[in-house]
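The structure appears below as structure tokens.
The values are calculated or read from the model by the stated rules, or taken from the named source; none is laboratory data. What you see is a predicted model, and the numbers here were worked out from it, not measured in a lab. All Cβ positions, glycine included, derive from the backbone under ideal geometry; neighbour counts span all protein chains shown. Areas reflect the complete protein model, heavy atoms only, side chains present, ligands, DNA and RNA absent. Shrake-Rupley method; radii C 1.70, N 1.55, O 1.52, S 1.80 Å.
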Amino acid sequence: MTRQDMLTVEARPGPFGLDLSHAAVIVVDMTNDFGSTGGMFERAGIDIAPIRAAVGPIVRVVDAAREVGIPIVYLKMGFRPDLSDLGPDHSTNRQRHLFMGAGEPVVAPDGTPSRVLVRDTWNTDIVDELAPAPGDHVIYKRRFSGFFQTELEGLLRSQAVRDIIFTGCTTSICVESTLRDAMFRDFRCLLLEDCTAEPIGAAADRTNHEASLLSIETLFGWVATSTALLHELTAAEPADLRPATTV
């Protein structure tokens, strides 16, 4: 291992040693349904401003990660058109997502037909600013955790990943669910607090976002800012650390 492969990122509860040759960035649910006008959240009256505020920092992290050869993995909540992977009628997953309008027909901002939380529609596309690049990986998930019945773990193992940088939404639900499952599988997890967002409890004295950060830095991993990570990444030399694959 060369010296530039190993970085030390200022984090909580202490410095995070990031091994570039065994790292990945995960971008959770930064899709139109969650982060765009006309998507599921905005239609439901949920304030998407915090999610929109995270887009810029995520873009900078993803761009810097690509420069040093760190693979990018996008996770997207999306169900089959027949909703057969939503769960049985009694399941909480099915009931909660139907309450949020899963499967309902809508019209995308460009006037084309779309459907809430259905695969391969405008609603489940990544927001424009974060569109995947050649070589990035895109994985659909059907539960809050990106590890549940998906190819995520196999992909990470095949890429020799040990350190995962987490970004996306929402902090206390899909991000934390995936991060916990990653920790249970012995991956080391670094969450970037300004690259994540959470509308639940936004008006509370202590938000769900803040509660998740505390849980993560206490037991499940490390918490840092994008500024701290970028300070180290931009000082690292560009490298082709892994063979490229297509989306």
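Per-residue HN-Hα couplings for segment 138-146, Karplus 6.51 cos²θ - 1.76 cosθ + 1.60 at θ = phi - 60°, whole Hz, x for Gly and Pro?
Each residue of segment 138-146 in turn: 10, 10, 7, 10, 10, 9, 4, 7, x Hz.
Using a 1.4 Å probe and counting only protein heavy atoms, arrange L214, L192, L83 so the residue with the most accessible area comes first.
L214, L83, L192
Taking only protein heavy atoms and a 1.4 Å probe, what accessible area per residue, in Å², does the chain have with all protein chains in place?
Result: 45 Å² of accessible area for each residue.
Given the options H137, H90, H22, which has the most mean-square fluctuation in a GNM of the chain, springs set between C-alpha atoms less than 10 angstrom apart?
Maximum among the listed residues: H90.
Starting from the Cα gyration tensor of segment 38-82, take the square roots of the eigenvalues, sort them a ≥ b ≥ c, and report rounded, prolate or oblate (rounded when a/c is under 1.5, otherwise prolate if a/b is larger than b/c, else oblate).
On the way: a/c = 5.27, a/b = 1.50, b/c = 3.51.
Verdict is oblate for segment 38-82.
What ³J(HN,Hα) values, in whole Hz, does the Karplus curve 6.51 cos²θ - 1.76 cosθ + 1.60 give for segment 163-174 when θ = phi - 60°, with x put for Gly and Pro?
Each residue's phi maps through the Karplus curve to give 10, 10, 9, 9, 9, x, 9, 9, 4, 8, 10, 6 Hz.
For segment 52-138, what does the relative contact order come out to in percent, with C-alpha contacts under 8 Å and a separation of six or more?
Computed over segment 52-138, the figure is 32 percent.
Can you pull the percent of the chain's accessible area that's carbon plus sulfur, 1.4 Å probe, other chains left in place?
Answer for the chain: carbon and sulfur cover 54 percent of the accessible area.
Cα gyration tensor of segment 132-171, axes a ≥ b ≥ c as square roots of the eigenvalues: rounded (a/c below 1.5), prolate (a/b > b/c) or oblate?
Since a/c stays below 1.5, the shape of segment 132-171 is classed as rounded.
Give the distance, in whole Å, between the Cα centre of segment 86-158 and the Cα centre of segment 12-55.
14
From the phi angles alone, apply the Karplus equation (6.51, -1.76, 1.60; θ = phi - 60°) to segment 189-205 and give each ³J(HN,Hα) in whole Hz, x where the residue is Gly or Pro.
For segment 189-205, the Karplus-derived couplings read 10, 10, 9, 9, 5, 8, 9, 10, 7, 8, x, 5, x, 4, 9, 6, 4 Hz, x marking Gly and Pro.
Between Y140 and residues 5 or more places away or on another chain, which pairs have amide H atoms under 5 Å apart, with H built 1.01 Å from N, and which residues are they?
K76
Taking only Cα atoms and a 10 Å spring cutoff, compute GNM fluctuations for the chain and point out the largest among G78, G101, G146.
G101
What figure, in Å² to the nearest 10, do you get for the accessible area of V106 with a 1.4 Å probe and non-protein molecules left out?
Near enough 20 Å² of accessible area.
Going by the alpha-carbon gyration tensor, a ≥ b ≥ c the square roots of its eigenvalues, is segment 60-130 rounded (a/c under 1.5) or, if a/c is not under 1.5, prolate (a/b greater than b/c) versus oblate?
Because a/c hits 1.5 or more and a/b fails to exceed b/c, segment 60-130 counts as oblate.
What relative contact order, as a whole-number percentage, does segment 60-201 give when Cα pairs under 8 Å and 6 or more residues apart are counted? Could the numbers behind the result be given before it?
On the way: 181 pairs, mean separation 28.4, N = 142.
The value is 20 percent.
When only alpha-carbon atoms count, how far does the chain stretch along each of its three principal axes, as whole angstroms with the largest first?
For the chain, the Cα extents along the three principal axes come out at 53, 43, 32 Å.
Among I164, I200, I26, which one shows the highest mean-square fluctuation when the chain is modelled as a Gaussian network with alpha-carbon springs under 10 Å?
I200
Any idea what the dipole of segment 24-136 comes to, in debye rounded to 20, about its Cα centre with Lys/Arg Cβ at +1 and Asp/Glu Cβ at -1? Could you put the intermediate results ahead of the total?
Working: 10 positive and 16 negative charges, 45 e Å.
That gives a dipole near 220 debye.
What is the set of long-range amide H partners of V127 at a cut-off below 5 Å, with H atoms built 1.01 Å from backbone N?
Counting only residues 5 or more places away or on other chains, the set is T31, N32.
State, as an integer percentage, the relative contact order of the chain based on alpha-carbon contacts under 8 Å between residues 6 or more apart.
Computed value for the chain: 28 percent relative contact order.
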